[in-house]
Amino acid sequence: MNYKKIIQKPRKTVRLNSFFKGVDSINDDMVANLNSAKECYNFDSSTGALTPLTGFAEVFLKPFTGYWLVAQNSGYSMIDGRKFYSAVFVDDKGKLMTYDFDENGNAGDLYEVGDDAFHFTSKPQMIEYKEKGEDAMLFSSPTDGLVTWRGGAEPPEQIKNAPLITSMAKHSERLFVTVAGRTDKVWFSDVLDPTNWNVSLQDAGYIGFSDERGECEKVLAFGGYVYVFRAYGISRITAYGDQAEFVVEHVFSSGSRICPSSVTLCANRVIFASDDGLFSFNGSSVTKIMPLLSPLLKFGKNTTTAFYKGKFYLATEMLTEGKIGCENGQYKNNVMIVYDLYTDKYYLYRGIDVRGIFPLLGVGKVYIVVGNTLKLCEMNYSNVFDGEILERKWRSPVSDFGNSEKKTLKELSVCTDYDITVRVYSDDEVIERKVAGKSGRSVVPINLTSYTFCIEFVSNDYSCRIASPTLIYY
């Protein structure tokens with residue numbers, strides 16, 4: 001009797017040691033690192049495991065609605081032995097107001113500023129300065145010019161001869177600004193008097209720019225200079241003493257248009273975006289950051305940013321597959337990225353229409369403005385986004401595991417503390433497995449034959465911790 005000898009292929013193991021590689025939208029799937037993701041959102045992968053992102057909840061500041069947080073005063077006041085910090089808001093009708101927080105972030109009182117005679121008609125920005133030796137705040141907007149406010153019950157005062165300012169920076173006792181409709185110049189105020197805009201050699205003045213770098217769109221005081229972020233480059237102004245001695249140097253030229261709303265001072269550098277991606281500028285040279293993610297991002301007038309405790313926050317639009325959260329309706333931004341400057345790691349929130357990001361110093365909290373109603377929300381330690389659990393997803397590149405032959409993926413094992421869904425894509429089939437959370441490792445039978453595979457983890461539970469996936473194939 002003859003017996004056919006069956007040769008069993010040896011089993012092989014593929015381990016995904018860590019998820020921290022982030023998203024790779026550039027490299028072809030077959031050469032991308034299997035520990036990187038083709039898609040990853042609403043997960044924090046900075047530890048190597050997939051865990052939930054910090055959630056947020058609405059802050060109710062009745063009776064007003066639709067808040068823009070403009071800025072926080074740098075000082076604080078002591079009341080009954082507690083520190084109180086004051087933040088400046090504008091409501092949906094353009095009314096200026098302040099809101100007090102104690103050092104633990106607990107809400108205090110909300111105050112209207114001035115009477116009903118003045119309202120902002122566009123979102124303002126604010127700079128603190130000294131007026132006749134007293135602390136004061138200077139507000140500007142592209143449609144309202146300059147407004148000063150000394151605090152307390154005193155009403156805001158509009159500066160009549162001031163330009164319509166699109167951005168401003170305080171440097172060497174002067175205010176440097178870009179102006180709506182006059183994008184070929186940077187204007188500066190009189191020394192020690194940012195309310196004086198009378199042009200003369202003794203008072204205020206301007207610097208003209210007519211080279212190929214284009215319009216002057218944003219100014220920033222940084223490292224002892226004033227930097228002018230222009231449509232296609234960066235110029236530097238050395239401005240001390242007599243205005244006749246001001247010097248202009250051109251330090252960077254860009255082949256693509258710079259997005260002025262992305263320009264953000266981040267400690268010892270400036271981060272900005274252009275049509276070519278995200279960049280870090282140290283005052284003399286430019287380097288690209290998050291290069292594998294940038295091709296998915298779109299930047300424009302709705303892009304908004306902030307910097308707080310070593311992290312760069314960016315809300316903008318991202319090219320995506322499918323729809324979650326805000327993407328099921330009208331939105332302006334659908335992703336918020338949090339990038340750690342010192343570890344070069346990042347994570348992203350998807351499905352949230354973030355219109356503004358505002359850290360409150362001293363309080364130690366970050367606030368965001370969300371959606372068409374400009375809802376003010378506080379980022380907290382929950383896993384819920386304004387009462388909603390948003391889908392979390394991580395998807396691997398398509399891979400042949402370094403073996404071009406057809407193979408059978410027998411099983412997948414993974415450590416997951418909470419219920420998840422695992423999807424495995426082959427060349428022509430997809431299977432889905434529900435995995436119950438438990439302590440230790442779960443083994444998931446797959447038994448799918450193909451040349452290539454793609455693995456996907458999806459979490460819709462309140463929390464999650466997904467770690468150390470291992471694939472067995474032969």
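The table below lists the values:
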read-out	value
Compactness of the stretch 146-252 - radius of gyration and Dmax, Cα, Å	14.0, 48
Three semi-axes of the equivalent ellipsoid, the stretch 285-415, Cα gyration tensor, whole Å, largest first	31, 19, 16
Eligible lysines near Lys332 by straight Cα distance, threshold 23 Å, same-chain separation 8 or greater	Lys93, Lys123, Lys218, Lys298, Lys301, Lys311, Lys323, Lys375, Lys393
Square roots of 5 times each gyration tensor eigenvalue, C-alpha, the stretch 56-384, largest first, Å	30, 28, 18
The stretch 233-292: relative contact order as a whole-number percent, Cα under 8 Å and 6+ apart	22
Relative packing of peptides 202-214, 168-180, 424-436, 259-271 - highest average C-beta neighbours within 10 Å first	168-180, 259-271, 202-214, 424-436
Hydrodynamic radius (Kirkwood) for the stretch 223-279, which is based on Cα pairs only, to one decimal in Å	12.3
Label point distance in nm, Ser200-Gln158, each placed 7 Å from Cα along Cα→Cβ	2.6
Value of relative contact order over the chain, rounded to a whole percent, pairs C-alpha under 8 Å and six or more apart	16
Charge dipole of the chain about the Cα centre (unit charges at C-beta), most positive-ward option of Gly310, Phe120, Leu296	Leu296
Under Karplus coefficients 6.51, -1.76 and 1.60, residue-wise ³J(HN,Hα) of the stretch 15-22 in Hz, glycine/proline x	10, 8, 5, 7, 9, 6, 5, x
Vicinal HN-Hα couplings computed from phi for the stretch 86-91 (Karplus, 6.51 cos²θ - 1.76 cosθ + 1.60; Hz; Gly/Pro x)	10, 10, 9, 10, 10, 7
Selection from Met336, Leu192, Asn42 lying farthest towards where the dipole of the chain points positive, charges on Cβ	Asn42
Formal net charge of residues neighbouring Arg423 (Cβ-Cβ distance under 10 Å; K, R +1; D, E -1)	+1
Size-normalised alpha-carbon gyration radius of the stretch 95-204, reference 2.2 N^0.38 Å	1.15
Using θ = phi - 60° and Karplus 6.51 cos²θ - 1.76 cosθ + 1.60, couplings along the stretch 400-417 (whole Hz; Gly, Pro as x)	9, 6, x, 9, 6, 7, 5, 9, 10, 7, 6, 7, 10, 10, 7, 9, 9, 7
Chain lengthening between Asn302 and Ile431 when straightened (0.36 nm per residue, less Cα-Cα)	42.5 nm
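A short reminder: the numbers here are calculations on the coordinates, not readings from a lab. Keep in mind that what you see is a predicted model, and the values were worked out from it rather than measured. Cβ coordinates were reconstructed from backbone atoms using ideal geometry, including for glycine residues, and neighbour counts include every protein chain displayed.
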